[in-house]
Amino acid sequence: MPGQERRLPPRPQTVDHYTITPDDIPNILGATRCHRDGITGDGIVVGIVDSGFYNHKYFEIRKTEWLQQYNTSAWNSPTTAHPPVRSVTGQYRMPEFDTDSSGHGTGMAANILAVAPGITLRLYPVQSFLESLEAAVQQCQIISLSKHSDVTGHAAAITRYRTALRNANTNEKIIFHCAGNGNSTPWPILNHPETVIKVSGVHRRRNGQLEASDYGRANQGNQRSDICGLCGMTPAGAYIWLPADPDRNTVSQLMPGWNLASGTSSATPQVAGVCALMMQARAQNGMPPLNMATAKSILRRTATRVNIGQSFDGVAANAQWCLLVNAERAVRMAIQ
């Protein structure tokens with residue numbers, strides 16, 4: 001039944017391999033120190049175009065703990081800002097807040113809020129992808145895309161897609177896009193890689209060893225990924241426990257409301273969250289906002305280089321693409 005989900009993620013020993021929870025993400029990516037210094041993404045508007053958002057009890061718990069621990073009102077509950085939908089009466093209405101068609105978007109929200117709990121998060125429905133993308137580019141400073149639309153063969157849709165991506169660059173909005181998992185490569189990565197920051201994955205083992213995720217793509221040739229977040233391994237990327245609607249996406253009846261997943265989809269909002277921390281720090285220091293080129297440069301220069309393993313598409317880990325984002329170092333460089 002809706003609302004009957006487990007409040008907290010399952011214990012790691014629930015399954016027979018190493019897993020983490022959203023609470024582990026800021027520690028691994030170096031964001032915890034930023035949070036203690038008041039850098040949470042406060043004042044930065046981030047948009048996610050995805051399947052929706054389920055108001056899981058986990059978010060309420062984490063908000064309360066954040067307020068108690070840091071004595072700040074920076075933590076904002078996720079809010080939706082869907083493009084207006086015309087109803088049969090001719091009046092504009094907003095889709096319901098607590099709606100996630102597959103559970104995917106809720107997991108993406110958990111990833112970004114783990115890194116940047118102070119952001120204003122806006123969620124846009126993937127069902128009207130191009131309209132949602134256009135609205136996010138207009139309304140947000142940072143856009144995280146873990147979904148895409150295949151518009152191959154549709155000239156009008158291709159034009160809208162290209163225009164939205166280029167408008168983001170022109171207006172100094174920053175788009176992070178997942179590099180893809182397995183045999184799937186998102187349309188923008190194949191066709192307009194220069195308009196997005198391409199995010200692939202690094203896996204952290206129980207002993208702390210970092211290696212390229214063999215579940216995520218590096219995208220060979222000129223389309224190689226720019227930066228990495230945390231990602232699972234083959235066959236299914238089952239690495240991070242993520243909150244989900246128990247009626248739509250859950251591992252088992254023993255763990256209602258929790259899904260075990262994490263491909264480059266999860267890595268992308270993690271990196272977008274680090275960018276939000278950088279932007280807040282710059283704003284506090286009276287510095288101008290970041291553009292995509294500067295953000296990409298800082299993220300890459302401060303990341304942890306990984307030289308073990310290879311991507312799903314057979315690209316060996318190297319300093320060109322296999323770079324795990326580090327929030328503390330990135331924020332420090334962003335304000336120098």
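The values are calculated or read from the model by the stated rules, or taken from the named source; none is laboratory data. The structure displayed is predicted, hence computed values, not measured ones. We place every Cβ from the backbone using ideal geometry, glycine too, and count neighbours over all the protein chains shown. Side chains are part of the model used for accessible areas, which takes the heavy atoms of the whole protein and leaves out ligands, DNA and RNA. Shrake-Rupley method; radii C 1.70, N 1.55, O 1.52, S 1.80 Å.
Of all residues in region 1-56, those satisfying the criterion of being within 19 Å of Ala261 (Cβ to Cβ), among the polar types (S, T, N, Q) and either modelled with pLDDT of 90 or more or assigned to a loop (DSSP other than H, G, I, E, B) (or both) are Thr19, Thr21, Ser51.
Of the numbered criteria (1) crowded, with 20+ Cβ neighbours inside 10 Å; (2) modelled with pLDDT of 95 or more, the one Leu260 fails is (2). All but one of (1) over 30 Å from Asn169 (Cβ atoms); (2) surrounded by fewer than 20 Cβ atoms within 10 Å (Cβ to Cβ); (3) of a type in the set (S, T, N, Q) hold for Asn318; which doesn't? Against the list (1) over 30 Å from Asn169 (Cβ atoms); (2) surrounded by fewer than 20 Cβ atoms within 10 Å (Cβ to Cβ); (3) of a type in the set (S, T, N, Q), Asn318 comes up short only on (1).
Select from region 289-306 the residues that are touching an Asp or Glu at 6+ places or on another chain (Cβ under 9 Å) and open to solvent by 40 Å² or more (accessible area, probe 1.4 Å) and list them in ascending order. Write out each step before concluding.
Initially, region 289-306 is screened for residues touching an Asp or Glu at 6+ places or on another chain (Cβ under 9 Å), giving 289-292, 296, 299-300, 302, 306.
Listed by number, the residues that qualify are Pro289, Asn291, Lys296, Arg300.
Those strands (runs of 3 or more DSSP E) of region 117-193 in which 1 or more residues are touching a Ser or Thr at 6+ places or on another chain (Cβ under 8 Å) and at pLDDT 95 or above occupy 142-145, 174-178.
On inspection, Asp247 passes the criterion of being surrounded by fewer than 22 Cβ atoms within 10 Å (Cβ to Cβ) and either modelled with pLDDT of 95 or more or not hydroxyl-bearing (Ser, Thr, Tyr) (or both). A single member of Gly286, Gly237, Gly232 is more than 16 Å from Ser200 (Cα to Cα) and in a loop (DSSP other than H, G, I, E, B), and it is Gly286. Within region 316-336, residues that are assigned to a helix (DSSP H, G or I) have Cβ atoms under 9 Å from residues that are of a type in the set (Lys, Arg) and surrounded by fewer than 17 Cβ atoms within 10 Å (Cβ to Cβ) in these pairs: Ala327/Arg33; Glu328/Arg33; Arg329/Arg301; Ala330/Arg301; Val331/Arg33; Met333/Arg301, counting only partners at least 6 apart in sequence or on another chain.
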